[in-house]
Amino acid sequence: MTLPPSPLRLRLDAQALQSNWRWLRQQGGTAACGAAIKAGGYGTDAAGVLGRLAKAGCRDFFVATWAEALALFPLGDGITLSVLHGVREEDMSVARQAGVRPVLNSPAQVRRWKESGGGPCDVMVDTGINRLGLDMEDAVSGLLDELPIVTLMSHLSCADEEHPLNALQLERFSDLRGQIAADRYSLANSAGVCLGHKYAFNLTRPGIALYGGIPRAEARGHIRQFAFPEVQILQRKTIRAGEGVGYNATCVASRDLEAAILNVGYADGYLRAFSNRGHVLAPDGVALPVIGRVSMDLLIVDASAAPALAEGDWLGLDYRLEEASAVSKLSQYELLTGLGPRFARFWA
Ligand SMILES: *Cc1c(COP(=O)(O)O)cnc(C)c1O
């Protein structure tokens, strides 16, 4: 049996993606611009993102795990992939065969890679985030000698705000560059790219801004929305003044209103934080407020302002990431990575 088309879909705008990447590349001056495509391209479509960014000229891609890497095979000519979480013992046989670089993060990972024959790899050094990566002392202890490091990298912890750690991490990373030989050096994520050329080194690694996230004010007006969730109306109905709406009647209709019941809910990643706060957009751009609680699979909106809408029509969730983040208090990252498998991804 062939499946009927999904009642919810995620439209991905290839031109917005490529335009976001070009802007980010420009901000990095002469540095190459890579792309973080972990977590399925931040919940969108990792393979589709890779293909379209490769067309735009992107060569360096980053995933978290080996499973994510293998799902992208075969890679096109000249495309390189790095696996950010490095190599556990149980990754080694795949890691040795795949032709994909591990990002080595701990002394044990470095030894494991060296003992299995070494070869081209990336290395992550922790310059202050205190998350994954070699301590600076370990990094300059001789541990990395003889290792053919393609990209030596570190990761900024506070680049999305004004914080003394930005300059401190920059200084520490610049120091490391003088002491550890590598083909290339890389520090900046999306927010780091916005901090200017001196954070870019040879390669930047944006993620969220490719996907339409605004990491810092500098990106506003340059970064375009990329992912557009669209959902179908299952039912139209009138809700009478004084009636409760949805679970626990958290909204009570103050007048008779024309509601639309939509095929999306928190199981799809449209979380309850949008209850009585989110908006959806009618085809003519009119914003319709979410009323009542978001359910697991359903959403109720006040469609009084769009009387022509009918069952089967499509509406867009207002998913401009900066705005939706302010409304929901979810991070722009969570908004994207939570989008579930029931959204049919398509490119336009
Ligand atoms: C996820 C990630 C990035 C991209 O970060 P954004 O904030 O999404 O731009 C870059 N580098 C590393 C090591 C990462 O884990």
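The values are calculated or read from the model by the stated rules, or taken from the named source; none is laboratory data. It should be emphasised that the depicted structure is a prediction, and the values quoted were computed from it without experimental measurement. Ideal geometry is used to build each Cβ from the backbone, glycine not excepted, and the neighbour counts take in all protein chains shown.
Among strands (runs of 3 or more DSSP E) entirely within the stretch 127-243, having at least 1 residues that are of a type in the set (F, W, Y) singles out 184-186, 227-239.
Reported count of residues in the stretch 141-168, each being within 13 Å of the ligand (Cβ to nearest atom) and over 22 Å from the mean Cα position of the chain (by Cα), is 1. Residues that are more than 23 Å from G221 (Cβ to Cβ) and of a type in the set (D, E) within the stretch 313-348 comprise D313, E334, listed in sequence order.
There is at least one residue in the stretch 173-186 that is within 11 Å of the ligand (Cβ to nearest atom) and either surrounded by 13 or more Cβ atoms within 10 Å (Cβ to Cβ) or modelled with pLDDT under 95 (or both). Which residue pairs have Cβ atoms under 7 Å apart, sit 6 or more places apart or on different chains, and have a first residue in the stretch 298-326 that is under 20 Å from V245 (Cβ atoms) and a second that is assigned to a helix (DSSP H, G or I) and of a type outside the set (F, W, Y)? Short answer, once both residue conditions are applied: D318/A324. When the helices (runs of 4 or more DSSP H) confined to the stretch 30-99 are screened for residues that are acidic (D, E), touching a residue at least 24 places away in the same chain (Cβ under 8 Å) and within 16 Å of the ligand (Cβ to nearest atom), those reaching at least 1 such residues are found at 66-70. Of the residues making up the stretch 109-133, those that are within 12 Å of the ligand (Cβ to nearest atom), charged (D, E, K, R) and either surrounded by 15 or more Cβ atoms within 10 Å (Cβ to Cβ) or closer than 13 Å to L144 by Cα (or both) are D122, D126. Is it true that some residue in the stretch 329-342 is part of a loop (DSSP other than H, G, I, E, B), touching a Leu at 6+ places or on another chain (Cβ under 8 Å) and of a type in the set (A, V, I, L, M, F, W, C)? Checked the stretch 329-342: at least one residue is part of a loop (DSSP other than H, G, I, E, B), touching a Leu at 6+ places or on another chain (Cβ under 8 Å) and of a type in the set (A, V, I, L, M, F, W, C). Assessment of the stretch 307-319 against the conditions (crowded, with 17+ Cβ neighbours inside 10 Å and over 19 Å from R9 (Cβ atoms)) yields no matching residue.
In the set A191, A217, only one residue is closer than 22 Å to G338 by Cβ, free of Cβ contacts under 8 Å to residues at least 60 places away in the same chain, within 16 Å of the ligand (Cβ to nearest atom) and out of contact with any strand residue (DSSP E or B) (no Cβ under 9 Å at 6 or more places or on another chain); that residue is A191.
Looking only at the stretch 240-260, residues that are buried (at least 16 other Cβ atoms within 10 Å of the Cβ) and without any contact (Cβ under 8 Å) to a residue 40 or more places away in the chain come to 1 in all.
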